[in-house]
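Asks: The structure's right below; bear with me while I get my questions together.
Just so you know, all these numbers are worked out from the coordinates, no wet-lab data involved. Source: prediction; values computed, not measured. All Cβ positions, even for glycine, are placed from backbone atoms using ideal geometry, and neighbour counts span all protein chains on display.
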Amino acid sequence: MTVKKELPKFWAVVPAAGVGRRMQSSLPKQYLTIQERTILDITLHRLIACASLEKILVVVSPDDQYWQSLDISQHEKIETVFGGEERCHSVLNGLKTLALQADDNDWVLVHDAARPCLRLADLEKLIAELQEHPVGGILGMPVRDTMKRVEVNGAIIETVDRTALWHALTPQMFRIGLLRNAIDDAVNSGQVVTDEASAIEKKGLPLKMVEGHSDNIKVTQPADLALAGLYLDQQH
């Protein structure tokens, strides 16, 4: 009798424990509103719309006073996890919690809480292009502008060839066990990785860039709220 091997499943981790200091707001930026909805609510509904995802782990600060007031926090696909000091610590906490219910060979998609304009088509494209890949990869966009390298004082040093430069976006998709070990190693060596791909890169493993849309912006500055609202209107 042949035992059918179970196919890898797809899970998501959304780090949402940051305070967003550059937004100049008393509220963490994920709880600021666009079109009368919080950024986090919009972002999570984008992920929930993807039928491939088993569950979404939302990583919030232990001191968070807003998350439980959102209706979406009670959604059947949502699970709450407490985060750490930096983004990488929060993602690692999410991955360790995920290990209790998922296989190390399953896929995890890590998506920024402050990227509410993610298109379902891009999400599904990422999964389709990476599900047979040995390592994984990320959504990104080719750099279009002329790139300059500058000194601390603002003096221009040189023009950088943009041919092979891409903007790194999210989600970033990797095998759960591989990503957990890569981030754990980075943290234990005192390195603060700013995205999941950089942790995998430190292992010397090949990962793939999947082109997405430029409207998948991260809300970082106050002006980004209006821009994200414009993009959401256009998508609808």
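Asks: Residue by residue through the range 45-62, which ³J(HN,Hα) values in whole Hz follow from phi under the Karplus form 6.51 cos²θ - 1.76 cosθ + 1.60 (θ = phi - 60°), with glycine and proline marked x?
Replies: 5, 5, 6, 4, 5, 8, 5, 6, 7, 6, 7, 10, 8, 9, 9, 10, 5, x
Asks: Counting other C-beta atoms within 10 Å, and keeping those with at most 11, which DSSP coil GluC sites (Glu not before Pro) do you find in the range 150-201?
Replies: On the way: sites: Glu151, Glu158, Glu196, Glu201; in loops: Glu151.
When the GluC sites (Glu not before Pro) of the range 150-201 are filtered for loop state and at most 11 Cβ neighbours within 10 Å, Glu151 remain.
Asks: Still on this model: Return the loop-located trypsin sites (Lys or Arg not before Pro) in the range 123-205 (DSSP other than H, G, I, E, B) with at most 15 other Cβ atoms within 10 Å of their own Cβ; answer none if there are none.
Replies: Working: sites: Lys125, Arg144, Lys148, Arg149, Arg162, Arg175, Arg180, Lys202, Lys203; in loops: Arg144, Arg162, Lys202, Lys203.
Answer by residue number: Arg144, Arg162, Lys202, Lys203.
Asks: Relative contact order for the range 57-204: what is it in percent, counting Cα pairs under 8 Å that are at least 6 residues apart?
Replies: 24 percent
Asks: Let me ask you something else. Provide the FRET efficiency to the nearest 0.05 for the Ile156-Lys202 pair, computing r from the beta carbons and using R0 = 30 Å.
Replies: Efficiency for this residue pair is about 0.50.
Asks: Which residue, Thr146, Thr170, Thr220, tops the fluctuation ranking in a GNM of the chain built on C-alpha contacts under 10 Å?
Replies: Among Thr146, Thr170, Thr220, the largest mean-square fluctuation in the Gaussian network model of the chain belongs to Thr146.
Asks: Which ³J(HN,Hα) values, rounded to whole Hz and listed in residue order, are derived for the range 89-101 from phi using the Karplus coefficients 6.51, -1.76 and 1.60 in 6.51 cos²θ - 1.76 cosθ + 1.60 with θ = phi - 60°, glycine and proline given as x?
Replies: 5, 5, 4, 4, 4, x, 5, 5, 5, 5, 4, 6, 10
Asks: Can you give the % of DSSP beta bridges in the chain that are antiparallel, to the nearest 5? If you can, show how the numbers build up before the last one.
Replies: Details: 16 of 35 bridges.
For the chain, the DSSP antiparallel bridge percentage is about 45.
Asks: Hey, got a sec? Which GluC sites (Glu not before Pro) in the range 61-127 land in a DSSP loop and have at most 13 other Cβ atoms within 10 Å?
Replies: Glu76, Glu85
Asks: Something else now. For the pair Thr80 and Leu165, how long in nm is the line joining their label points, each one 7 Å along Cα→Cβ?
Replies: Between Thr80 and Leu165, the simple spin-label model gives 4.2 nm.
Asks: Kindly state, to the nearest 0.05, the FRET efficiency for Gln35 paired with Thr194, given R0 = 25 Å and r defined as their beta-carbon distance.
Replies: That pair, Gln35 with Thr194, gives E of 0.30.
Asks: Can you list the HN-Hα couplings for the range 199-213, worked out from phi with the Karplus curve (6.51, -1.76, 1.60; θ = phi - 60°), rounded to whole Hz and with x for Gly and Pro?
Replies: 5, 5, 4, 5, 7, x, 9, x, 10, 10, 9, 10, 6, x, 9
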